[in-house]
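Working notes, structure below.
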Amino acid sequence: MNKIRSFAIILIFGLFISIQAHAQVHVGVYNSGLFSQIGVGTDNEKKYFGELRFLATDLLDTPLGVEGMFHRNFKRSDWVNLHAGVMLGVFENGGARVGLPLGLTFKPIQEHKNFSILIEATPNVNFDIGMVGFRGNIGLRYTFRKEKE
């Protein structure tokens, strides 16, 4: 059953990304202490954007996991974006996680706005172990944009 849930989440967010064919794509690498994540998503400069994050860890016996995130930008400027959203995650051992991420995306180099730094806090519930937690992420993002014609 857990493989079906994982496939469903990947399919839903894959469709979300495909539907926005005109949108650019961003990739990111995030770290929250023990665990790292690799993400791919839609243009994070839009009012709404989505992202899939895959657990990337070198710890033994850690179940593989995928998280689908849907964000809304509340403030967008040349230097910083403030966004919040919903996170749904599943793990290969059947575990599930739900969270409410709140993030700041900084664009520190004016000439290279495609490069950004993410700082994110996510209160979450891990149903696998029945625990409420708080995760902090910091990471790097790069957005691949089409050249303006």
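Percent relative contact order of segment 110-149, based on C-alpha pairs within less than 8 angstrom and at least six residues apart?
Rounded, it is 45 percent for segment 110-149.
Can you put Lys47, Lys113 in order, fewest other beta carbons within 10 Å first?
Arranged by neighbour count, lowest to highest, Lys47, Lys113 become Lys47, Lys113.
Find the centroid of the Cα atoms in segment 41-112 and in segment 120-137, then give the distance between the two in whole Å.
Taking the Cα centre of each part, segment 41-112 and segment 120-137 sit 14 Å apart.
Between Met131 and Ile109, what's the calculated FRET efficiency when r is the beta-carbon distance and R0 is 35 Å? Round to 0.05.
So the FRET efficiency works out to roughly 0.35.
Any read-out appearing in this document is the output of simple, stated calculations on the displayed coordinates, not a laboratory observation. Bear in mind the structure is a predicted one, so any value in this text is a computation, not a measurement. Note: ideal-geometry Cβ built from the backbone for every residue, glycine included; neighbour counts use all protein chains shown.
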